[in-house]
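Have a look at the structure below before the remarks.
The values are calculated or read from the model by the stated rules, or taken from the named source; none is laboratory data. Keep in mind the model is a prediction, meaning the values are calculated, not measured. Note: ideal-geometry Cβ built from the backbone for every residue, glycine included; neighbour counts use all protein chains shown.
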Ligand code: ADP
Ligand code: MG
């Protein structure tokens, strides 16, 4: 029954393959990371399934990955003894892209190699990255627990189709053999492969083995050569990175681990690694990416946090661990309390999970607060002042000063002055919060509605443009600090665009009086602000709703003049009201306009024009 079948790739795969080989050419070594990561995933899956069925280990309980190369045949093989693939699984998983949003992703590709390479990297081409270096890939596999004669061979040249055939295979698991293109022959070298593995896969928690080599003198004047010794040696550290002590992990290792779990080419903005002890014990390693993935707006897309229980991988995208408005966070949570056979349903109900979720949410918010604080310090340092978190300003330390310590008054933590000087000088942290906010600010706002318990902290993290600042950099606190004497509310306006907001007639009187107005142009603003009525005791007031009461900002003369005008125009108003009775609920004289003759406003407590338009667009 050695029947071999040829099947076409799903159209998107064929298209992707073409792109992969062209666009990712400059970063070709990532193929090894992708294939080793698949091998490691396959071992994780076996370990997980074996929790309830130890027989799956057959006679090989030690999970491992072996990387080998054959100089003469010009091949590299990555072999694992993980879960393996059945024939149908090989067809399904290696012939299609199961990921949601594939089509959407394809339509975003521009044809420009550099930007496309970044996009593809984010999307994670995974297995297909093998074709960057290979003009033919063959895969042999047998699923754990399946009989020896149910092995499968899959082979393709990475063009339109692939072949599958039944084979006999004694070992469980998968071996992927790459037939290298001529330009990739540099990888037929132990040292080269070892260095790529060290760079990308050191943190993989199972051993990656390679066969050792030794120098053999040539005989009869022949040149000597390296020959294989038959001994397989581990070439990675093989300890889960998050389980190591912080001080033993380098910045490069943290960044590489991030790239590995996120498929992002770019380093993360920041991360936080902690062991949390107490009634619920867990380790968290959480990253804030520098760039939004293209499916950020898909709320069904679950968070990027992987769940481990005592270093055993349990599941990807464990949505119960992170609220939806923090779905951009990537990382790992490893619990020592949850049972190994925990299911998604069980996760929803677990008290430990609830504690982990709360702890992780707080951790992410404090990472963001930290970035925001450093950004502020960098700006203020330029003006000779720094803020150490207490709200008071103290003179900035001289960058050369290295003996005294700076105490963060809020936490009483001591920051070595030398480190503080680097931070306060801006360094690489300057601009990070702005970068974060440009990518994820709008998602963060969803938290106002989703996470009432933290809404005050979230509100502090928000930034807006305003009538006096074109950049999205004004916080509610900044605004409050600049409020006029007698001003009792934080004024804002929502619109589709910044230009639309700035030129709104409703802003005229505020401009005239020199009152700052926050300009909100994100689609979620309107919805999110429904949940935020005040900031730190000062009410938020839309300038487009109701009769704007400028309170003490309006002087007596102005009020009297307005009343007099209203009296004079009463007959006109009555006529207008009659004429517009089906269209407007009221017509009144206003003090909010300076140059424009009239404007539409929404009833206090009514739906804003912006929100009404949004709902109309959505067909409601
Ligand atoms: P991803 O790893 O993101 O799912 P890949 O393109 O890397 O995407 O792999 C596609 C799928 O092929 C995997 O989800 C898995 O089902 C299967 N696969 C790839 N490599 C292996 C392997 N070594 N063992 C078992 N299954 C594998
Ligand atoms: Mg993969």
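Hey, does segment 264-286 have a residue that's farther than 27 Å from residue 372 by Cβ and surrounded by 20 or more Cβ atoms within 10 Å (Cβ to Cβ)?
For segment 264-286, residues farther than 27 Å from residue 372 by Cβ and surrounded by 20 or more Cβ atoms within 10 Å (Cβ to Cβ): absent.
Would you kindly identify the strands (runs of 3 or more DSSP E) lying entirely within segment 120-193 that contain at least 3 residues that are closer than 22 Å to residue 37 by Cα and either at pLDDT 95 or above or more than 32 Å from the chain's Cα centre (by Cα) (or both)?
134-142, 151-156, 173-180
Please note which strands (runs of 3 or more DSSP E) are completely contained in segment 321-425 and include at least 2 residues that are surrounded by 15 or more Cβ atoms within 10 Å (Cβ to Cβ) and modelled with pLDDT under 90.
Values: elements: 330-335, 385-387, 393-395, 405-407, 414-416.
Those strands (runs of 3 or more DSSP E) span 385-387, 405-407.
Restricting to segment 218-241, give me the number of residues that are farther than 30 Å from residue 71 by Cα and out of contact with any helix residue (DSSP H, G or I) (no Cβ under 8 Å at 6 or more places or on another chain).
So the count comes out to 2.
Against the condition surrounded by 23 or more Cβ atoms within 10 Å (Cβ to Cβ), at pLDDT 90 or above and within 16 Å of ligand 2 (Cβ to nearest atom), how does residue 83 come out, does it pass?
Working: surrounded by 23 or more Cβ atoms within 10 Å (Cβ to Cβ): yes; at pLDDT 90 or above: yes; within 16 Å of ligand 2 (Cβ to nearest atom): yes.
Yes.
Collect the residues in segment 71-85 that are in contact with a strand residue (DSSP E or B) (Cβ under 9 Å, 6 or more places away or on another chain) and at negative phi, keeping them in residue-number order.
Here is the first cut: in segment 71-85, the residues in contact with a strand residue (DSSP E or B) (Cβ under 9 Å, 6 or more places away or on another chain) are 73-85.
Within segment 71-85, 73, 75, 76, 77, 78, 79, 80, 81, 82, 83, 85 qualify.
Can we say residue 209 is over 30 Å from residue 309 (Cα atoms) and at pLDDT 95 or above?
So residue 209 fails the test.
Looking at segment 12-19, is at least one residue loosely packed, with under 14 Cβ neighbours inside 10 Å and away from ligand 1 (no atom under 12 Å from the Cβ)?
Yes: one or more hits.
Of all strands (runs of 3 or more DSSP E) completely enclosed by segment 449-554, which ones contain at least 3 residues that are out of contact with any strand residue (DSSP E or B) (no Cβ under 6 Å at 6 or more places or on another chain) and on the phi < 0 side of the Ramachandran plot?
Details: elements: 464-466, 469-474, 490-494, 518-520, 538-542.
Fully inside segment 449-554 and qualifying: 469-474.
Look at residue 45 and say whether it is more than 15 Å from ligand 1 (Cβ to nearest atom) and surrounded by 15 or more Cβ atoms within 10 Å (Cβ to Cβ).
Criteria not met by residue 45.
Which of the residues spanning segment 486-520 are surrounded by fewer than 19 Cβ atoms within 10 Å (Cβ to Cβ), over 21 Å from residue 538 (Cα atoms) and in contact with a helix residue (DSSP H, G or I) (Cβ under 8 Å, 6 or more places away or on another chain)?
496 - this is the single residue of segment 486-520 that is surrounded by fewer than 19 Cβ atoms within 10 Å (Cβ to Cβ), over 21 Å from residue 538 (Cα atoms) and in contact with a helix residue (DSSP H, G or I) (Cβ under 8 Å, 6 or more places away or on another chain).
Does residue 204 count as at pLDDT below 90, within 16 Å of ligand 2 (Cβ to nearest atom) and assigned to a loop (DSSP other than H, G, I, E, B)?
Against the criterion (at pLDDT below 90, within 16 Å of ligand 2 (Cβ to nearest atom) and assigned to a loop (DSSP other than H, G, I, E, B)), residue 204 qualifies.
Can you tell me which residues in segment 223-242 are under 23 Å from the mean Cα position of the chain (by Cα) and at pLDDT 90 or above?
241, 242
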